[in-house]
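The values are calculated or read from the model by the stated rules, or taken from the named source; none is laboratory data. What you see is a predicted model, and the numbers here were worked out from it, not measured in a lab. Cβ coordinates were reconstructed from backbone atoms using ideal geometry, including for glycine residues, and neighbour counts include every protein chain displayed. Please note that ligands, DNA and RNA were not included when accessible areas were found on the heavy atoms of the full protein model with its side chains. Shrake-Rupley method; radii C 1.70, N 1.55, O 1.52, S 1.80 Å.
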Amino acid sequence: MKKIVSFFGDKSEIFYQLNDRAKEYAKSLNMEYRWVPQLPFSEENVIKELQNADAGIIDIEPYGESIFSQIKDSGKLLVRFGVGYDKVDLKSASKNGIAVARTTGANTTAVAEMALTLMLSCKRRISKYQARAKAGEWVKDIGNEIIGSTVGIIGYGCIGQRLAKLLRGFDCRILAYDPFPKKEIMERDGVELVTLEELFCQGDVISIHVPYTEKTHHMVNSKTLKMMKPTAVIINTARGNIIDEKALYEALKSGEIAGAGMDVFAKEPLPIDSPLLTLENAVITPHVSSQTVESLWNIYKMAIDISADFFEGKGSPHILNQDYKEPTG
Ligand code: 8YV
């Protein structure tokens with residue numbers, strides 16, 4: 001019986017329930033499932049566990065040569081619990097003959113809903129009201145509606161498309177920038193393909209849905225922030241380093257832009273002395289866009305399905321390094 005070891009989740013009731021369910025589901029597919037939450041993450045532990053498993057379900061910590069070289073004779077498949085794989089060294093995985101997959105699509109709805117939640121919160125100044133009300137101040141301010149506004153989506157993949165769908169009820173004009181645009185899909189969705197500059201200049205809301213790569217590093221910086229309207233807000237549920245946080249802090253502090261909704265940060269957990277935490281026009285959440293029961297179960301289930309297909313020798317479009325079959329290490 002093939003063995004899957006899963007590292008994702010904390011020791012709260014919901015994760016016990018989800019992992020019991022995952023165990024049952026894996027059993028129905030003839031696999032053994034073990035849940036070993038990594039809090040805090042320990043590379044040594046992860047290696048030890050993966051040496052005794054055939055597949056691993058991994059979170060967002062870095063996985064590179066120091067792990068792959070130790071598990072190449074055991075674990076042959078790692079599945080990222082989610083979609084971003086910027087911390088996984090795929091070259092090293094291939095060199096060691098290890099396939100790395102991700103659960104594309106499984107958290108799409110949760111992340112799109114979170115982006116929408118952050119947009120509405122920023123536009124209606126929720127973080128400021130909440131902080132002031134708790135401090136005993138009954139402060140009233142004036143926000144903006146999303147209805148009828150222009151929303152710019154950076155990256156028109158699964159999540160960007162789902163967000164556009166959710167926004168349909170808000171009668172927005174939707175602009176999208178994508179380095180590899182699928183024009184038929186944009187036409188179908190009534191979304192306008194624009195340049196990044198047009199998007200920054202025209203958006204009342206800008207939402208980021210691209211992966212973190214060398215090309216997207218600090219894509220939002222002092223120059224692009226200056227293009228934004230003073231009433232505009234920026235939302236990041238993708239990866240922290242896509243935004244230059246220093247430049248964002250300055251833009252928020254000076255009122256160059258109206259607000260930011262951020263679920264991801266250059267350093268996580270966000271250090272307690274981060275100046276971003278002092279701002280009333282920033283909504284800050286602790287990387288929880290995927291954290292709904294529905295999304296988490298979709299991810300667990302998909303990770304198990306990918307493992308089952310892998311062990312049956314079926315190819316999978318979710319494997320990120322298809323060249324893993326020719327190891328050189
Ligand atoms: C996390 C994510 O994986 O999909 C991604 O890339 O960032 C999230 O889904 C999840 O929250 C676990 O940290």
Q. Is there a residue in region 30-40 that is open to solvent by 70 Å² or more (accessible area, probe 1.4 Å), over 21 Å from Glu312 (Cα atoms) and away from the ligand (no atom under 16 Å from the Cβ)?
A. no
Q.
Considering only residues that are open to solvent by 20 Å² or more (accessible area, probe 1.4 Å) and touching a residue at least 24 places away in the same chain (Cβ under 8 Å), which ones fall in region 217-237?
A. His217, His218, Met219, Asn221, Ser222, Lys226, Met227, Lys229, Pro230, Thr231
Q: For Ser12, state whether it is of a type in the set (Ser, Thr, Tyr), under 20 Å from Gln291 (Cα atoms) and surrounded by 14 or more Cβ atoms within 10 Å (Cβ to Cβ).
A: no
**Q.** Considering residues of region 56-76 that are more than 18 Å from Lys3 (Cβ to Cβ) and within 16 Å of the ligand (Cβ to nearest atom) only, the residue nearest to the chain's Cα centre (by Cα)
**A.** Ile60
Q: Would you mind finding the one in Val79, Val83 that is assigned to a loop (DSSP other than H, G, I, E, B) and either more than 16 Å from the ligand (Cβ to nearest atom) or at pLDDT 95 or above (or both)?
A: Val83
**Q.** Any chance Ala55 is among the hydrophobic types (A, V, I, L, M, F, W, C), in contact with a helix residue (DSSP H, G or I) (Cβ under 6 Å, 6 or more places away or on another chain), touching a residue at least 60 places away in the same chain (Cβ under 8 Å) and over 17 Å from His318 (Cα atoms)
**A.** no
Q) Can you spot a residue in region 256-279 that is away from the ligand (no atom under 16 Å from the Cβ), over 19 Å from the mean Cα position of the chain (by Cα), polar (S, T, N, Q) and open to solvent by 40 Å² or more (accessible area, probe 1.4 Å)? A) yes
Q. Being buried (at least 16 other Cβ atoms within 10 Å of the Cβ), in a helix (DSSP H, G or I) and of a type outside the set (Ser, Thr, Tyr), is that true of even one residue in region 203-216?
A. no
Q) Which ranges mark the helices (runs of 4 or more DSSP H) fully within region 105-187 that have 1 or more residues being under 17 Å from the mean Cα position of the chain (by Cα)? A) 108-123, 158-167
Q) Tell me, which helices (runs of 4 or more DSSP H) lie completely within region 1-73 with 2 or more residues that are touching a Cys at 6+ places or on another chain (Cβ under 7 Å), at pLDDT 95 or above and under 26 Å from Thr328 (Cα atoms)? A) none
Q: May I ask you to say which residue of Ala112, Ala101, Ala135 is open to solvent by 50 Å² or more (accessible area, probe 1.4 Å) and among the aliphatic types (A, V, I, L, M)?
A: Ala135
Q) Given (1) among the polar types (S, T, N, Q); (2) more than 12 Å from the ligand (Cβ to nearest atom); (3) open to solvent by less than 50 Å² (accessible area, probe 1.4 Å); (4) in contact with a helix residue (DSSP H, G or I) (Cβ under 7 Å, 6 or more places away or on another chain), where does Thr292 come up short, assuming only one miss? A) (2)
Q | Ala93 vs. criteria within 13 Å of the ligand (Cβ to nearest atom), in contact with a strand residue (DSSP E or B) (Cβ under 7 Å, 6 or more places away or on another chain) and not in a loop (DSSP other than H, G, I, E, B) | A | no
